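Reviewing the structure listed below.
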Amino acid sequence: MPRGDKDKYTDKQKRKAQHIEEGYEERGVSEKEADRRAWATVNKESGGGNKSGSGRGVKDTNVSARKGGRLGGKAAASRPKAARSASARKAAATRKRKSA
């Protein structure tokens, strides 16, 4: 079997990789890099191809999907109140400008 062959992956893993790849491409990542990142994510979450007998019953993890959520708020909390207020005022002014 040649390197990069996806025969050992389940249909669900292939769909997941396709969905992740589309998300990266929407954010401006090149097609080749998006494909590489998508399969790396699928491998991290599921441990690779699952169609062979021994690994069939292993549950997928969601480590990659949850990673961003854990980080939320830490950066803002470490900034001084004056900086957060300035950012809030700037954002409000931008929203006001864009809606008019």
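Figures for the structure shown
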{"read-out": "Accessible area (Å², per residue) of the chain, counting only protein heavy atoms and a probe of 1.4 Å", "value": "80"}
{"read-out": "Net length gained if the chain between Glu25 and Lys8 were fully extended (0.36 nm per residue, minus Cα distance)", "value": "3.6 nm"}
{"read-out": "Karplus 3J(HN,Hα) series, Hz, for the stretch 30-43 with 6.51 cos²θ - 1.76 cosθ + 1.60 (x for Gly, Pro)", "value": "4, 4, 5, 5, 4, 5, 4, 5, 4, 5, 5, 5, 4, 5"}
{"read-out": "Inter-probe distance in nm under a simple model that places probes 7 Å from Cα toward Cβ, at Gln18 and Arg95", "value": "3.8"}
{"read-out": "Under 27 Å from Lys44, Cα to Cα: lysines that are on another chain or at least 8 residues apart", "value": "Lys6, Lys8, Lys12, Lys14, Lys16, Lys32, Lys59, Lys67, Lys74"}
{"read-out": "Candidate values [x] 16.9; [y] 14.0; [z] 15.1, label of the one derived for Kirkwood radius over Cα pairs in Å", "value": "[x]"}
{"read-out": "Among Ala40, Ala77, Ala17, residue whose mean-square fluctuation peaks in a GNM of the chain (springs only between Cα atoms under 10 Å)", "value": "Ala77"}
{"read-out": "Karplus (6.51, -1.76, 1.60) ³J(HN,Hα), θ = phi - 60°, over the stretch 23-28, in Hz, Gly and Pro reported as x", "value": "x, 5, 5, 5, 8, x"}
{"read-out": "Angle in degrees between helix 81-99 and the longest Cα principal axis of the chain, rounded to the nearest 10", "value": "90"}
{"read-out": "Relative contact order, percent, the chain [alpha-carbon distance under 8 Å, six or more residues apart]", "value": "22"}
{"read-out": "Expected 222 nm ellipticity per residue - DSSP helices of 4 or more, -39500 (n - 2.57), all of the chain, to 500", "value": "-20500 deg cm²/dmol"}
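The values are calculated or read from the model by the stated rules, or taken from the named source; none is laboratory data. Note that the coordinates shown come from a computational prediction; the quantities given were computed from them, not determined experimentally. Quick reminder, even Gly has a Cβ in these numbers, built from the backbone with ideal geometry, and neighbours come from all protein chains shown. Each accessible area value is taken on the protein alone, full model and side chains, heavy atoms only, with ligands, DNA and RNA left out. Shrake-Rupley method; radii C 1.70, N 1.55, O 1.52, S 1.80 Å.
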